[in-house]
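Working notes for the structure below.
The values are calculated or read from the model by the stated rules, or taken from the named source; none is laboratory data. Being a predicted model, the structure only gives us computed values, none of them experimental. Every residue, glycine among them, receives a Cβ derived from its backbone with ideal geometry; neighbour counts consider all protein chains shown. In case anyone asks, the SASA skips ligands and DNA or RNA and just uses the protein heavy atoms, side chains included. Shrake-Rupley method; radii C 1.70, N 1.55, O 1.52, S 1.80 Å.
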Amino acid sequence: MSFFFLLIAVLPPLFLAYYVYANDLFDKEPKGLVIKSFLFGCIIVIPVYIVEVTLQDFTNNIFLYTLIGVALIEEGFKYFILIKFFFPNKDFDEPYDGIFYSVMISLGFATIENIKYVFTSEPGTELFTAFARMFTAIPLHAACGVIMGYYVGLSKFKINNNSNKFIRLISKPKYIGLFLAIAIHTLYDYFLFLGQGIIFSFITLAISIFYAKKAIKIHQENSPFKDL
């Protein structure tokens, strides 16, 4: 039964990882970098957990805790890995790669986090936890990864189109991706932790998924390899 729980914990993030890989239509990333980015996401669970435990009692304000004690830490670590190890890489050669590596890091993180939540659930609730997170927390991590990566890709290749007039005024739009990922993550967690108004968590998730899918399509259209 433990193997079954492990399977249902890891399959949803792996499915989304495959979805993002399959939507890299024109210039597939090297398999070594695919695995590396995913594993980086898995590994950063350790420092994230240490920092979150350290900060868990720093405030009684639920909003500040979700903003600083959860969203900022988790999205900040993902962003650091993306910018430090993948942004400068020569294989980061089209806008979609920002989305690709960002999501792989995010889903690596989500995989380990999901395993932890499933296996620490109350006995008898493991299946419910796994299925609940399959449609909530896992897509949230993926959507935050897409939106963060969209702006990182935008900044590297300085894409100009009518939908980004405001972004063109900002010298480093990649920071906008970090800010939006933190904001989405904060809003989603805040209403969950608050224990009321949970509908707003699902609205936040739905909106983020909508814009994530739109972001994927935009960078597919902007690929320099599209007509090769």
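Between T125 and I198, how many nm apart are label points set 7 Å from Cα along the C-beta direction?
If labels sit at T125 and I198, their model points lie 1.1 nm apart.
With n ≥ 4 as the cut-off for DSSP H runs, can you work out [θ] at 222 nm for the chain, using -39500 (n - 2.57) per run divided by the number of residues, rounded to the nearest 500?
-22500 deg cm²/dmol
Which one of Y65, I81, F202 has its Cα pushed farthest toward the positive end of the charge dipole of the chain, where Lys and Arg give +1 and Asp and Glu give -1 at the Cβ?
Checking the options against the dipole of the chain, the answer is I81.
Sort out for me the Cα centre separation of region 26-47 from region 91-118, rounded to whole Å.
Each part reduced to its Cα centre gives a spacing of 7 Å.
Shape verdict for region 1-133, please, from the Cα gyration tensor: rounded (a/c under 1.5), prolate (a/b greater than b/c) or oblate.
oblate
In region 1-106, what chymotrypsin sites (Phe, Trp or Tyr not before Pro) fall in a loop by DSSP, with at most 15 other Cβ atoms inside 10 Å?
In loop regions of region 1-106 (DSSP not H, G, I, E or B), the sparsely surrounded chymotrypsin sites (Phe, Trp or Tyr not before Pro) are F26, F58.
For the chain, which DSSP H helices look membrane-span-like by this rule: Cα extent along the axis of 24 Å or more and mean Kyte-Doolittle of at least -1.0?
Span-like helices, by this rule, are 2-22, 96-119, 137-157, 174-194, 199-221.
In a GNM of the chain with a 10 Å cut-off on Cα contacts, which of D97, D27, D57 has the highest mean-square fluctuation?
Of D97, D27, D57, the Gaussian network model singles out D57 as fluctuating most.
To make sure I understand the rule: partners must be lysines, Cα under 25 Å from the Cα of K90, and not fewer than 8 residues away in the same chain. Which ones qualify?
By straight Cα distance, K90 reaches K28, K31, K36, K78, K156, K158, K172, K174, K217, K226.
On the protein heavy atoms, probe 1.4 angstrom, tell me the percent of accessible surface of region 81-131 carried by carbon and sulfur.
For region 81-131, the apolar C and S fraction of the accessible surface comes to 66 percent.
Can you give the extra length, in nm with one decimal, that the chain gains between F63 and Y21 once fully stretched, where that is 0.36 nm per residue apart less the Cα-Cα distance?
Length gained between F63 and Y21: 11.7 nm.
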